[in-house]
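Notes for the one structure printed next.
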Amino acid sequence: MSQDHSEKQPTHKPLHETRRGFLKQSSAMMALALTPPIVLKAAEKDEAIAALFEKVPVSMEINGKKHQLSVEPRTTLLDLLREQLALTGTKKGCDHGQCGACTVHVNGMRVNSCLTLAVMQEGKKITTIEGLANGEELHPMQQAFIKHDGFQCGYCTPGQIMSAVACIREGHANSPEEIREFMSGNICRCGAYDNIVSAVMEVKQGGQQV
Amino acid sequence: MNPFSFVRAGSPKAAIDAVSKDDNARFIAGGTNLLDLMKNGVMQPEKLVDINNLPLKDIQLSKDKLHIGALALNSTVAADSQVKAQFPLLSQALLAGASQQLRNMATVGGNMMQRTRCSYFYDTAMPCNKRQPGSGCGAIGGINRMHAIFGASDKCIAVHPSDMCVALVALDAVVLVTGPKGDRKIPFADFHRLPGDTPEKDNTLGKGELITAVEVPNNPYTKNIYYLKVRDRASYAFALVSVAAALELEGNVIKSARLAMGGVAHKPWRLTAAEKSLIGKTATEENFRAAANVAMENAKAYEHNSFKLQMAPNSIVTALLKAASV
Ligand SMILES: Cc1cc2nc3c(=O)[nH]c(=O)nc-3n(C[C@H](O)[C@H](O)[C@H](O)COP(=O)(O)OP(=O)(O)OC[C@H]3O[C@@H](n4cnc5c(N)ncnc54)[C@H](O)[C@@H]3O)c2cc1C
Ligand code: SF4
Ligand code: FES
Ligand code: FES
């Protein structure tokens, strides 16, 4: 059985001319510029690919864009996204796999980006909350969260939404009970759970393509 | 996290070489336990050997057994149609563990190798014989609500936290291992160990040995099974007590039974005597209670976990009732 479910990537419109958008774009370009000109072949057999403190080249696709990056082995995917690429939509809650705020999709599967290393993402396709909308048009799950008040402070929300989309795609959103069980990896300190379940149920029942 | 060097292994042999030649090297699979421990400074490997490119992900059912590669994901195994149909106890136990996000990263080998969640083990300011041999046990005389009631020693009273392993020990799984000295097979019940005087050793795997697969022999436990997990919240929490129960029934008579518990010992705890006591009996609450009493012989509680002395037998009875659909 294959473990890579390829993500259906929506076509991306360019980032908007907001300050944050500008920061994101420029730092992504910085990362590219800093990559050594010769990109080492990463999967060379059983070779040490990074010594202590040495940066490693790694390439991955993030929200439909290819990135060639350079990371220290101890950089988590979460820190890469937030600190190197300024994709701050993905939140750091606990940094230990206990809250789900950092949930992103890797090759279509939801994972906690705080407990995986950036160097382990070679050749992978990453989708973050920034890559979910289709330009100005919100993803149906984002719309449903707004409609059902699926958040208060909003800190857990990007993780909840990424998780909820995956929950439907996996086929684990067939009843409120099943949604609660399969969304249990996302903690909400504000206790918006009931409304989150309503949002997921509505999208699931609406039968829209997620 | 302390800095470390990083190697991507291209073959099992390369992985074994890289780890066996280097005292402070570790394999990394999903990373969900190792990175957590490294962030806390509980484990500080100087070299990580990434084994994710090794071809150890397959799940294959042959006429006498199920073969699961060590790198198969917990979520993939749980959702596999053959596993669901022929080994539903394993699927249920996997789904009772962690969250879907974690199961999407966690591998079968990593799950077996995960370390205890004892809070003193995690807190580097506290004594812990498992983390730092000879430093003492913070949990004995400390807060020990989550701790063992079977097989503990005066050096360590921690429990193994896995759910998957409880099902695998009940189903007589076998662990396939390759290492510097060649290949070997370890019966699942002998893979994890009791703490004794060396709690720093969780299991019997040697330095540089790599788990390549787990095999589960075919069995008749496809219908009357139940994995019960009792925890502080409804989901996404480690077990206080868990029970894997499987029955082979002929009418209402028990032909054979499998029972194991999690959250009660340093290893997944197989209840062989209780299983035997059920053979030939009818599937009634009274007989289940008698088996639970057999299972509880030699149980010993500490200051904060004496509730497990009631919770464990009650959980056995409940799991058996659910398995038998009585
Ligand atoms: C918040 C949270 C909640 C959790 N809840 C549960 C729960 O309820 N139930 C449960 O059972 N588990 C639970 N877990 C634990 C989870 O199941 C484990 O972290 C996971 O199974 C480890 O697998 P991994 O592949 O990520 O291992 P890694 O972290 O990659 O590795 C763990 C260890 O195994 C070694 N290793 C890995 N693969 C091999 C191999 N093939 N051969 C030899 N050694 C190997 C590594 O060297 C390392 O020492 C939880 C974890 C978290 C963070
Ligand atoms: S119970 Fe074991 S793991 Fe916990 S503090 Fe004592 S020695 Fe350490
Ligand atoms: S930040 Fe990753 S799970 Fe909490
Ligand atoms: S909305 Fe505040 S934590 Fe969930």
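The values are calculated or read from the model by the stated rules, or taken from the named source; none is laboratory data. Quick caveat, the model's predicted, so the values are computed rather than measured. Cβ: placed from backbone, ideal geometry, glycine included. Neighbour counts: every protein chain shown. Heavy atoms of the whole protein, side chains included, go into the accessibility calculation; ligands, DNA and RNA do not. Shrake-Rupley method; radii C 1.70, N 1.55, O 1.52, S 1.80 Å.
Can you give the log10 of the normalised intensity I(q)/I(0) at q = 0.13, 0.16, 0.23 Å⁻¹, computed with Debye over equal Cα scatterers of the range B:225-324? Scattering profile of the range B:225-324, log10 relative to I(0): -0.41, -0.62, -1.19.
Residues in the range B:81-132 average 33 Å² of solvent-accessible surface per residue, probe 1.4 Å, ligands and nucleic acids excluded.
What does DSSP give for chain B in terms of the percent of beta bridges that are antiparallel, rounded to the nearest 5? Rounded to the nearest five, the antiparallel share is 85 percent. Taking the DSSP bridge list for the range A:56-131 and keeping only pairs wholly inside it, about 90 percent are antiparallel. With a 1.4 angstrom probe, the accessible area lost at the A-B interface totals about 3500 Å².
For the range A:109-192, GluC sites (Glu not before Pro) are listed when DSSP marks them as loop and at most 15 other Cβ atoms sit within 10 Å of their Cβ; the list is A:GLU136. In the range B:168-212, Rg over Rh equals 0.99, where Rg is the alpha-carbon radius of gyration and Rh the Kirkwood radius from pairwise Cα distances. For chain B, the convex hull spanned by the alpha carbon atoms encloses 126 Å³ per residue.
Compared with the rule-of-thumb size 2.2 N^0.38 Å for a compact globular protein, the range B:69-115 has a Cα radius of gyration ratio of 1.03. Carbon-plus-sulfur accessible fraction, the range B:21-91 (probe radius 1.4 Å, protein heavy atoms only): 42%.
The orientation-averaged shadow of the Cα convex hull for the range A:140-206, equal to a quarter of the hull surface, comes to 3.7 nm². Mean partner shielding of peptide B:171-183, defined as the number of other chain Cβ atoms within 10 Å of each residue Cβ, is 0.
Each Cα pair under 8 Å and six or more residues apart adds its separation to the average, and for the range A:136-189 the resulting relative contact order is 31 percent. For the range B:41-123, the set of trypsin sites (Lys or Arg not before Pro) satisfying both a DSSP loop assignment and a count of at most 12 other C-beta atoms within 10 Å is given as B:LYS63. Rounded to the nearest 500, the 222 nm mean residue ellipticity of the protein assembly as shown from helices alone is -8000 deg cm²/dmol, with -39,500 (n - 2.57) taken per DSSP H run of at least 4 residues. If I model the range B:14-71 as equal point scatterers sitting on the Cα atoms and use the Debye formula, what is log10 I(q)/I(0) at q = 0.27 Å⁻¹? Taking Cα atoms of the range B:14-71 as identical point scatterers yields -1.07. Among B:LYS13, B:LYS308, the order of accessible area from largest down is B:LYS13, B:LYS308, computed with a 1.4 Å probe on protein heavy atoms. Accessible area per residue for the range B:225-324 is 41 Å², calculated with a 1.4 Å probe on protein heavy atoms, without ligands, DNA or RNA. Ordered from longest to shortest, the equivalent ellipsoid semi-axes for the protein assembly as shown are 39, 28, 22 Å, each the square root of 5 times a Cα gyration tensor eigenvalue. Mean per-residue shielding of peptide A:111-119 is 6, counting Cβ atoms of other chains within 10 Å of each Cβ. The residue list B:ILE51, B:VAL326, A:ASN134 was ranked by how far each Cα lies along the charge dipole of the protein assembly as shown toward its positive end, using unit charges on Cβ atoms, and B:VAL326 comes out on top. Compute the Rg/Rh shape ratio of the range B:171-290: radius of gyration over Kirkwood radius, all on alpha-carbon atoms. The Rg/Rh ratio comes out at 1.03. Computed over the range A:56-131, relative contact order equals 41 percent, with contacts defined as Cα pairs under 8 Å that lie 6+ residues apart. Relative contact order of chain B, taken over Cα pairs closer than 8 Å and 6 or more residues apart, is 17 percent.
Taking every Cα-Cα distance in the range A:56-131 and sorting them into 10 Å bins from zero, the calculated P(r) comes out as 22, 61, 17 percent. Scaled against the 2.2 N^0.38 Å expected of a compact globular protein of N residues, the Cα radius of gyration of the range B:92-230 reads 1.13. Sorted into 5 angstrom bins from 0, the C-alpha pair distances of the range B:48-143 split as 3, 12, 18, 17, 12, 12, 11, 9, 5, 2, 0 percent.
Here is the list for the range B:276-318: GluC sites (Glu not before Pro) lying in DSSP coil, each with at most 13 other C-beta atoms within 10 angstrom of its C-beta, are B:GLU297, B:GLU303.
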